[in-house]
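Working notes for the structure below.
The values are calculated or read from the model by the stated rules, or taken from the named source; none is laboratory data. Computed from a prediction, not measured in an experiment: that's the story for all the values here. With ideal geometry, Cβ positions are generated from the backbone for all residues, glycine too; neighbour counts draw on all protein chains shown. The area values use the complete protein model at the heavy-atom level, side chains included, leaving out ligands, DNA and RNA. Shrake-Rupley method; radii C 1.70, N 1.55, O 1.52, S 1.80 Å.
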Amino acid sequence: MYERDSILVSVPGTFTSKPNKPSCWRRWKQLSRLQRSLIMILLFIGATAFAAYFLQVDSRSVPNAWAPQEKPPSHLERSGQHADGDVGAEPQVRFRPIKRGPPAHRSKVALGDNQMKGEKPNLALPELREIDIRWRGSLIGISKAPNLQGEEVAVKGGDKPAVGTLKAKVKNQRQQAVVEAFRHAWLGYRRFAWGRDELRPVSQGYKEWFGLGLTLLDALDTMWIMGLQEEFEEARKWVASELNFNKNVDVNLFECTIRILGGLLSTFHLTGDKLFLDKATDLGVRLLPAFGTPSHIPYSDVNLGKGTAHGPKWTSDSTVAEVTSIQLEFRELSWLTGDERFREAAEAVTRHVRDLAGKTDGLVPMFISTQTGHFTHSNTLTLGARADSYYEYLLKQWLQGGKREQLLLDSYLEAISGVQKHLLGKSQPNQLTFVGELVNGELRPKMDHLVCFLPGTLALGTRHGLDPSHLQLAEKLANTCYQMYRQTETGLSAEISYFNTQSDAKQDISIKPADKHNLLRPETVESLFYLYWITGNHKYQDWGWDILQSINLHTKVPSGGYTSIANVCSRDNPQPRDKMESFFLSETLKYLYLLFSDNLTLISPDTHVFNTEAHPLPIHTEP
């Protein structure tokens with residue numbers, strides 16, 4: 001029998017009757033509204049704490065982020081085990097939930113069909129596909145599948161014309177280790193910084209520089225070359241739907257050109273996908289206002305949305321490297337679009353610097369005025385920061401144009417003679433050849449890691465018929481650059497090294513406290529790639545393998561990504577700086593992948609020039 005406030009149940013048998021007790025519901029109704037509210041709040045807090053406890057998969061603090069951790073759940077385990085046990089294997093990682101960044105950003109970490117349906121994105125990276133490389137979008141067909149013996153396969157375009165074909169091949173074990181490193185770096189970017197400029201892997205956040213998805217754009221052609229189909233397609237969707245250059249944002253002309261414009265142009269050439277050319281053209285037009293100076297030496301910064309440009313706040317000068325290392329990209333954009341404005345703006349700078357007084361046997365100062373067009377701060381000559389890629393682009397422009405521009409070659413050869421005359425030195429006790437700086441006419445035994453681009457550039461020139469003695473110098477300098485890694489506790493090079501020249505010196509290299517950091521720069525492995533490609537000497541592959549092992553040991557963050565470090569001289573405390581530069585994916589890992597390739601024509605310097613951000617662009621042999 002049912003009553004309003006209680007339930008009476010009569011059951012015959014042995015039960016003795018007892019007075020009816022008030023039901024839970026009746027007791028609840030008898031409470032005041034305040035009491036009920038307090039109980040509900042306490043229950044909510046308890047449920048939240050209970051859920052947080054079981055969802056928190058790692059209670060370790062951020063500073064200990066890459067301490068040994070437990071095995072990940074089976075659904076997050078990734079490939080990487082090989083027959084020899086160690087090559088390409090990943091340390092076991094426990095993944096943390098995404099808990100940083102604005103909610104709108106967190107909701108867009110994984111793009112794709114699930115997101116469109118409102119489903120929770122799957123953060124586990126897909127398994128690497130080595131055989132099936134059918135591509136949605138620009139390339140949709142394969143002529144035939146690669147076999148397990150390592151034969152090459154031409155991947156051809158389907159309904160869209162491809163400018164070239166991509167040679168795919170089964171990866172060897174060292175290449176596979178590089179792919180695993182890339183995927184681990186991409187895991188961190190995808191989870192914590194998707195669509196942002198740079199990953200902060202230790203704090204699991206991001207840093208904006210231009211607000212243009214810098215790391216994603218810089219890494220596009222690396223993914224394509226490595227055959228990372230799903231990662232590439234996901235990134236392409238972001239480019240198609242999210243990339244917008246019409247923003248009120250100041251960007252550095254040089255960095256934006258080499259990283260973003262170069263990356264888009266390279267990806268267009270590799271895929272034939274017009275999306276990337278359209279984006280590159282839009283960006284190129286927005287960068288042109290930087291050239292509107294009295295001297296035609298471009299300003300360092302340009303606002304993409306407003307179309308205004310200016311120099312840095314602290315000076316009216318631009319650095320020589322920056323204004324002379326944008327030519328490959330702007331020339332290529334004119335070749336592709338037929339719009340000569342890009343080529344004319346860039347080549348006007350080249351002609352101006354070529355005819356400018358103030359050089360020393362082809363060597364240039366570090367700064368140039370945008371107002372007068374003259375060199376400034378001419379007391380220091382260096383191949384390091386602010387001047388380095390000027391020399392690199394002299395040779396590469398000559399190659400890009402089919403070796404028809406003799407004045408570029410003459411300027412390059414004069415500069416290399418100047419290096420040999422003024423900047424070379426020998427260390428003690430092991431006679432390492434180094435490239436120093438000329439300060440007020442005296443050689444200073446200081447060598448930036450950036451200078452390690454030079455062995456590769458010298459070797460590249462000899463491949464194209466220049467003085468064979470340049471290759472001998474390249475091999476000596478490459479050994480020096482490798483020793484800059486080998487002679488530290490971590491096996492990673494400092495940003496700047498000083499070479500001891502005293503006869504009683506006991507070690508060749510010393511490092512000052514302010515220079516102990518390592519940014520995962522590419523210059524040494526870049527040169528190793530060129531030297532292996534030209535000489536076939538496997539020691540360069542072994543040196544690159546040593547460097548990769550040190551990178552994995554000291555800079556890998558288990559939750560995803562790699563970090564620059566502050567102290568290469570401490571194996572126990574390398575001091576993470578919590579930043580992964582975009583060039584680590586664009587250059588360092590790409591050059592390592594190509595260095596370990598069994599196929600020396602995968603991306604051949606006989607047919608391509610790599611810009612200073614390692615984006616390959618075609619050599620134009622036809623007039």
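The number of residues in region 552-573 being open to solvent by 10 Å² or more (accessible area, probe 1.4 Å), in contact (Cβ under 8 Å) with a residue 24 or more places away in the chain and in a loop (DSSP other than H, G, I, E, B) comes to 6. Residues that are part of a helix (DSSP H, G or I), touching a Ser or Thr at 6+ places or on another chain (Cβ under 9 Å) and open to solvent by 40 Å² or more (accessible area, probe 1.4 Å) occur in region 422-433; there is at least one. The set of residues from region 162-179 being at pLDDT 85 or above and either among the basic types (Lys, Arg) or at positive phi (or both) comprises LYS171, ARG174.
Here THR382, THR360 are screened, and the one residue that is under 27 Å from the mean Cα position of the chain (by Cα) and either buried (at least 23 other Cβ atoms within 10 Å of the Cβ) or touching a residue at least 24 places away in the same chain (Cβ under 8 Å) (or both) is THR382.
Inside region 445-469, residues that are surrounded by fewer than 16 Cβ atoms within 10 Å (Cβ to Cβ) and in a strand (DSSP E or B) make up a count of 0. Return yes or no: is LYS396 buried (at least 24 other Cβ atoms within 10 Å of the Cβ), out of contact with any Ser or Thr (no Cβ under 6 Å at 6 or more places or on another chain), in contact (Cβ under 8 Å) with a residue 40 or more places away in the chain and of a type outside the set (A, V, I, L, M, F, W, C)? Criteria met by LYS396.
Residues that are at pLDDT 95 or above and either within 22 Å of GLU329 (Cβ to Cβ) or among the hydroxyl-bearing types (Ser, Thr, Tyr) (or both) within region 377-393 comprise THR380, THR382, LEU383, ALA385, ARG386, ALA387, ASP388, SER389, TYR390, TYR391, GLU392, TYR393, listed in sequence order. Test THR350 against the criterion of being more than 15 Å from CYS256 (Cβ to Cβ), in a loop (DSSP other than H, G, I, E, B) and either open to solvent by 10 Å² or more (accessible area, probe 1.4 Å) or modelled with pLDDT under 95 (or both), and give yes or no. So THR350 fails the test.
Residues in region 508-521 that are outside any loop (DSSP other than H, G, I, E, B) and without any contact (Cβ under 8 Å) to a residue 40 or more places away in the chain: SER510, PRO513, ALA514, ASP515.
All of ASP282, ASP317 fail the test of being over 21 Å from THR372 (Cα atoms) and more than 22 Å from the chain's Cα centre (by Cα), apart from ASP282.
Each row is one residue, and each column tells you yes or no for (1) open to solvent by less than 10 Å² (accessible area, probe 1.4 Å); (2) charged (D, E, K, R); (3) in contact with a Leu (Cβ under 6 Å, 6 or more places away or on another chain); (4) part of a helix (DSSP H, G or I).
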{"position": "LEU471", "(1), (2), (3), (4)": "no, no, no, yes"}
{"position": "ASN479", "(1), (2), (3), (4)": "no, no, no, yes"}
{"position": "THR488", "(1), (2), (3), (4)": "no, no, no, no"}
{"position": "LEU492", "(1), (2), (3), (4)": "yes, no, no, no"}
{"position": "TYR498", "(1), (2), (3), (4)": "no, no, no, no"}
{"position": "SER503", "(1), (2), (3), (4)": "no, no, no, no"}
{"position": "LYS506", "(1), (2), (3), (4)": "no, yes, no, no"}
{"position": "SER550", "(1), (2), (3), (4)": "no, no, yes, yes"}
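What about GLU180, is it assigned to a helix (DSSP H, G or I), open to solvent by 10 Å² or more (accessible area, probe 1.4 Å) and of a type in the set (D, E, K, R)? So GLU180 does not fit the description; no.
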